[in-house]
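Please read the structure below before turning to the comments.
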2 protein chains.
Amino acid sequence: MEKFLRVDMNELQVSYEEVPEKYQKVGGRSLIAKLLLDEVVPTCDALGPHNKLIVATGLLAGTSVSSAGRISVGAKSPLTGGIKESNAGGITANRLAQMGVKALVIEGLPKGDDWYIVVINDQGCKLVPAEAYVGMGTYEFCTKIREDYSDAAVTCIGPAGEKLYNAAGVATIDREGWPSRYSGRGGMGAVMGSKKIKAIVVEGKGRVSFANEEKFKDALKEYTAIVKDAPSTAAYKDYGTPSMVRIVDALGGLPVNNFSNGSFDRVDDISAETLNDVITRRGGKTSHACMAGCVIACSNVYVDEEGETIVSPLEYETIGLMGSNLGISDFDVIAKLNYLCNDIGLDTIETGAAIAVAMESGVAAFGDGEAALKMVEEMRQGTVLGRVLGAGTAVTGKVFGVRNVPVVKGQAMAAYDPRALKGMGVTYATSAMGADHTAGPTGKAKVDHSSPDGAADLSLTLQKKIPVYDCTGLCMFTIGSIGAHPQVIIDLLNSRFGWDLNVDWLNEMSLETLKDEYRFNELAGFTKLSHRLPEAFTERELPNLGTVFDVPDEDIDQMMKYS
Amino acid sequence: MEKFLRVDMNELQVSYEEVPEKYQKVGGRSLIAKLLLDEVVPTCDALGPHNKLIVATGLLAGTSVSSAGRISVGAKSPLTGGIKESNAGGITANRLAQMGVKALVIEGLPKGDDWYIVVINDQGCKLVPAEAYVGMGTYEFCTKIREDYSDAAVTCIGPAGEKLYNAAGVATIDREGWPSRYSGRGGMGAVMGSKKIKAIVVEGKGRVSFANEEKFKDALKEYTAIVKDAPSTAAYKDYGTPSMVRIVDALGGLPVNNFSNGSFDRVDDISAETLNDVITRRGGKTSHACMAGCVIACSNVYVDEEGETIVSPLEYETIGLMGSNLGISDFDVIAKLNYLCNDIGLDTIETGAAIAVAMESGVAAFGDGEAALKMVEEMRQGTVLGRVLGAGTAVTGKVFGVRNVPVVKGQAMAAYDPRALKGMGVTYATSAMGADHTAGPTGKAKVDHSSPDGAADLSLTLQKKIPVYDCTGLCMFTIGSIGAHPQVIIDLLNSRFGWDLNVDWLNEMSLETLKDEYRFNELAGFTKLSHRLPEAFTERELPNLGTVFDVPDEDIDQMMKYS
C-alpha cells in the first residue's frame, strides 16, 4: 500500500508512515482537506512553522488511466488565510504513486537559511542541499536537476516562491521536462518556499498494484473508450481551453483592462482560431498531452516565427488575465509573459490581475506589453514594485490606492467577470478556495449567465461535482465524458483497491470535502461575510452589459448550508 | 443648541440638522460609535461612497474647561476594516462647538477629481475649491490658508491622505498654528482624502450657552483646582509623555529594532531627562499647551541648535516607534522624522512600525537615520516604496515577506511590547480600535506587567474608563486627577446642558460606547479570532525577558462578554 512521506523541516528528517484508515479512501484535494483540518491550526501563520504543505496524488494516480495524474498541492493559503488546494497535470503524481507515496506532508521550518531538495528514489527519501540552485528560474533548474537525476519527475518553485510571494505557484514538469504545469493558485509556492524546499524530485520508477487487475483492465477499456470518443474531448483536443475566449467574450464577461469592460474590441486577435492558425503556420502543436497516456491532449505548444517553443501550454486563463485584462492582444507578448511567469514561478491569474490593477493606477498604460514584461521581470528581481505585484492583487490595490480590485477572500478572480457570469460569481464568493473558477466552473452551462436566478444552485451543483475529480486525480476535462458514467470511476477504484464502493460514494465524498474545507475556513475566522464580492462588482456596472453582480445575499447564504 | 453639519460630497451640498434626541447626550468617540452604527454599512469599502467621516466635538468642548477640547475623527477604518475613532488636541473642537457645530458628518464621494475645503463661519458653511493646495504639506498649507482665513482653526490632511495611505492621519493645528495634533491612527486621513476634503476651516468664533452658568462656574473652579494641583499634572507638565521611555524600558517593553528586543542599550540618549536637557540648553520649551487654557501643558517644543523649532511636540510613541524601534537614538533625527510625518500627514506609530519592518527585511539598516528620513520623504513623493510604507505595517510585511509584524486587526502596535506589558497586549488584542494603546492604557498601573494573571481584568477596567474622556472631549491625562472626582464632570455636564445625570451615567455611557463599537465590528465580520496577537508575539520570546504574550485565549474571550 501507498504510504505517507513525512518531511520534517524542523529536524531535517524524513519518514514513511502507514496511511491511517480514515485517509485511505481519499486522495488529492479531499485528502488535503482532511489532513489540514486534522493537523494544522487554522489560525496559524501560513508562512510559519505550523502550516503544512501537502503534495498529494489522486486515488487513480500511477495507473494507466488517462488524465488521472493530476497532482494536488495544498496548505493554508498565505493569500486567502483559508484552506487551499491547487492541482495540475504533469508527470510527478503518477511517479509518486508508482513509488508508493500517496502524499508528502512537509512540516515545520528549518532553523537555518539553507535550501533543500526532497529526493525520492528506490533507496527511499532524502533531503539534499539545494544551494547551487537558489534563485534559478524553473526552466534552467529543471534542466540542470535532470542532468543529475536523469528522467526524474520534478515539482519545484521559482524565485517567486523563494521570495515568499503570495502569487507564487508550484510547478510540475510535463513529459518534455517543461515546468509549466502549475499548482498556481493561493500562494502554495510561498508555503513551499517558507519551508526552504526548492523541489521535490522523484528519481525512481515503480508500479502500482491492483486488487483485481483483470477487472481494472476491463474498466479501463470502458473508461478510455468513453473519454476518447466524447465530443467534449474532441473540442479540447482541437482548441483546448482557449476556445473559451470567444465564448466568454460573447457572454460579455471577458476581463478587459482590469475588469473595466467585458467585451474586447480585439477579441479576434486572441481567439482560439487565431491561436491555432499561428501555431500551425509556425510549426508548433495545437494538441499536446501534459502527462503520459492522456487521450484528451488539450495542451498546445506555442512557438515563435522560427518554430522555437515560447511556452507550452498557452491557456485561456492566461490569455484572459495577461491578454485582454491588460489590453494586450499580441499572442507573442502573452506567450512571453506566460513563459516568464512559469520560469519565475508565478500564478498567471494572480500576476495578470495584479499588473492590471497597477496599470489602472497609472504605473503603465493598458496595452503596453513591454511594460508588462518589465513588471514581471521586476518580480523576478525582487524590486519593490516586483514585490508588491508578487504580494498579489489585493495588496497591489492597497499600495496603489485602487478600489476596483477583482478579489474574493484576497485571491484574484479568474477570467470570467462575475457581473456577466453570475454562477461563476457565486463560485468566487462561496468557494473555500477564494475566487477560483475550478471550484465550480459554470461557464459552459446552458443557462442565461447574466441572470441571478438559479445562479447559486448552478454553482452549488458544480461545486459538488468537482471534488470527484480532484480526489481521484482525474482532470476535470473528463467531466464532459466520464461525468455521465460514474460507475466506471467506481469500477476503477474498486478493482484497484479491492473496495466495495457504489456510485453514491462519489457524491458523499464530494460533499464531505466541501464540508471539511468550509470547516477549516470557519475555524480560521471566516464568516458568511467572507462570501461576498467587492463593491467594484456589486455596484459598478459592467459597461457592455449594464449589469452588476446581483445574486441576493440570501441565495448565497442559503447555499452555504451545505456546511 | 449645537447642530450636526452634514457635508454631502455626492451633491456638493452642506446642511445643518437638529441633533436627534438619541445623540444629544453623547459626544466625541461615543457619538461617532452611534452614528457609524446607525448610518454606515459595516461591510462597506472604507474608501468608497458608503463610508462617512465624522468629526465630532466632546460634550464639554467650547467651554473654558481645561483640556476639554479634544477633537474626535472617526469612520470605518481602511486599515483595520473596523470602526475607528482617533482624537487629538489643538484648537478646532473648541471653535466648532463655539460655532454651534456638534459634529460634521461628511458623506459620499464627489464625482469629479476636484478637491474641497469645508469653511465654517458666521454665514454658515460652504465648500471652497482647494486645487491651489493639493499636494501641499500641512505646515505650508496651514500657513497659507490662515492668510486667507485669518486666525482660523484648521483640521487638514497632507499628501498622505490625498494619496489614500492607510497610514494617513488628520492634523489639527495648535495655538501656534502648527498642524501637529494628530488624529493619527486608523487611516482617517485616507477616508478624508477619499472624499476629496483637504481641510476643515473654522473661521468664525462664537460662545457656547449654559443652562446654569453660575453652577457651571462653580464646578469649573473645583475642576480646575483638582486638575491643577494633582501630582499627575505636575509630572506631565515637567516631562510629558516622554517620561514613559525609561518606565517602559525598565519594564523591558520598549520596542527596539522592530520589536526584536524590549530593552534599548542607548535608552539614556532618548530619555525624558535628556530631552529636557537638550530643549532647555537650546532654548525650546519643556512645557507647552496645545489648546487654550490647558493647565497640564504636557507638550514641548523641540528646537535645533539655533533655537529654531523642529517639531512640537515630540512625544513618547514617536520616540519609541521612530527612535528605538528603528535603532535610532539621536533626538534631532527623531524630531525631523516627526516633523516630516506631521507635514506629510502620517501617523508616526504606523509609519515607524512599517519602516522597522522594511528595515528587518534589509531595505535599510537599523539605526540608519538618513535612510529613515529618505523613506519618509519617499512617502511624500509616492514612490512605490513610499506607497508600500504608506499602506501600513501589515502590507509592508506582506510585500517584504517579513513574519515579525507588530499588528492587530491590521494596525500597528504602539510603543509597548505586549510580551512585557501583558495588559497592554490584551488592549491591543481586544479593542475594537486595533492595537491602540489609548483604548486601554495599562502602562502606569501598579501591577506586575509581565504576568498574564489579571492582565485581562486590568485592560477591561481601563477600556471601560476611557470613553468617559473620549466622549466629553477631556484629555485622558486628566484621569490621574479628575478621575477620582467623577461628580465634578457630572456637575459640569448638568450645568452646561440642564441635564440631571448622576455619576453612574459615566460608566453606563462608557460601556454603551464599547458595545456599539464591538457591534459595528461584529457586523463588519470580526469574530473572537480577531482578538488575537500574531505568532510573532505569542511564540517568539522577547530576548531581554524570555517571555511571550501568554494571556490565555479564555481570559480574552471572557472579557469580550461586555459586548
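Structural remarks
- Nearest-to-axis residue in chain B, judged by Cβ distance to the rotation axis that brings B onto A and given in whole Å, is B:V384, 2.
- Net charge contributed by nearby residues that have their C-beta within less than 11 Å of B:Y469 (K/R +1, D/E -1): +2
- Short-range pairs are left out: with C-alpha atoms under 8 Å and at least six residues apart, the relative contact order of chain B is 17 percent.
- Order of B:V73, A:V118, B:V41 - criterion: other Cβ atoms within 10 Å of each residue's Cβ, fewest first: B:V41, A:V118, B:V73
- Looking at segment A:3-202 alone, DSSP beta bridges between its own residues are antiparallel in about 75 percent of cases.
- When peptides A:407-418, B:535-546 are ranked by their average number of other Cβ atoms within 10 Å per residue, the highest-first order is A:407-418, B:535-546.
- Across peptide A:523-530, the mean count of Cβ atoms from other chains lying within 10 Å of each residue's own Cβ comes to 4.
- Under 19 Å from the Cα of A:K84 - lysines, other chains or at least 8 residues apart: A:K34, A:K52, A:K76, A:K102, A:K195, A:K409, A:K464, A:K465, A:K515, A:K528, B:K398
- Placing +1 on the Cβ of every Lys and Arg and -1 on the Cβ of every Asp and Glu, with nothing else charged, gives segment A:183-268 a dipole about its Cα centre of roughly 560 debye.
- Within the same chain, aspartates and glutamates fewer than 8 places from B:K374 are excluded, and of the rest, those with a Cα less than 18 Å from its Cα are B:D330, B:D332, B:D343, B:D347, B:E350, B:E360.
- Rounded to 5, the percent of DSSP beta bridges in the protein assembly as shown classed as antiparallel: 80
- Dipole magnitude (debye, nearest 20) for chain A, charges at Cβ of Lys, Arg, Asp, Glu: 840
- Mean residue ellipticity (222 nm) of chain B, computed from DSSP H runs ≥ 4 via -39,500 (n - 2.57), nearest 500: -11500 deg cm²/dmol
- Built amide H within the under 5 Å cut-off of B:W115, gap 5+: B:A130, B:E131
- Counting charges near B:E305 (Lys, Arg +1; Asp, Glu -1) among other residues having Cβ under 14 Å from its Cβ returns a value of -3.
- The value of relative contact order for segment B:3-202, using C-alpha pairs under 8 Å at least six residues apart, is 23 percent.
- Distance from segment B:491-542 to segment B:39-67 (C-alpha centre basis), Å: 15
- Sorted on the mean count of surrounding Cβ atoms within 10 Å across their residues, most packed first, peptides A:504-513, B:519-528, A:125-134 read B:519-528, A:504-513, A:125-134.
- Backbone HN-Hα couplings from phi across segment A:314-330 [Karplus 6.51/-1.76/1.60, Hz, Gly and Pro as x]: 10, 10, 4, 4, 5, 4, x, 6, 9, x, 4, 5, 9, x, 9, 10, 9
- Taking the label point 7 Å along Cα→Cβ, A:K126 and its counterparts in the other copies are spaced 8.4 nm apart, in ascending order.
- Amide H contacts under 5 Å for B:Q411, placed H, 5+ residues apart: B:A435
- Counting neighbouring Cβ atoms within 10 Å and putting the fewest first, the residues B:D553, A:D113, A:D555 line up as A:D113, B:D553, A:D555.
- Shielding by partners, peptide B:534-546 (average Cβ within 10 angstrom, other chains): 1
- Restricting segment A:438-494 to trypsin sites (Lys or Arg not before Pro) that sit in a DSSP loop and have at most 10 other Cβ atoms within 10 Å of their own Cβ leaves A:K446.
- Inter-copy label distances for A:S15: 7.2 nm (label point placed 7 Å from Cα along Cα→Cβ; shortest first).
- Label geometry 7 Å along the beta-carbon vector: B:E554 inter-copy distances in nm: 4.2
- Around the Cα centre of the protein assembly as shown, unit charges on the Cβ atoms of Lys, Arg, Asp and Glu (plus for the first two, minus for the last two) sum to a dipole of about 920 debye.
- Ranked list, fewest to most other Cβ atoms within 10 Å of each Cβ, for A:L109, B:L474, B:L251: A:L109, B:L251, B:L474
- Under 14 Å, Cβ to Cβ, from A:V101 - net charge with Lys/Arg +1 and Asp/Glu -1: +2
Here, each number is a calculation from the coordinates, and none is a lab measurement. All values derive from a computational prediction rather than experimental measurement. Reconstructed Cβ throughout: ideal geometry from the backbone, glycine too, with neighbour counts over all protein chains shown.
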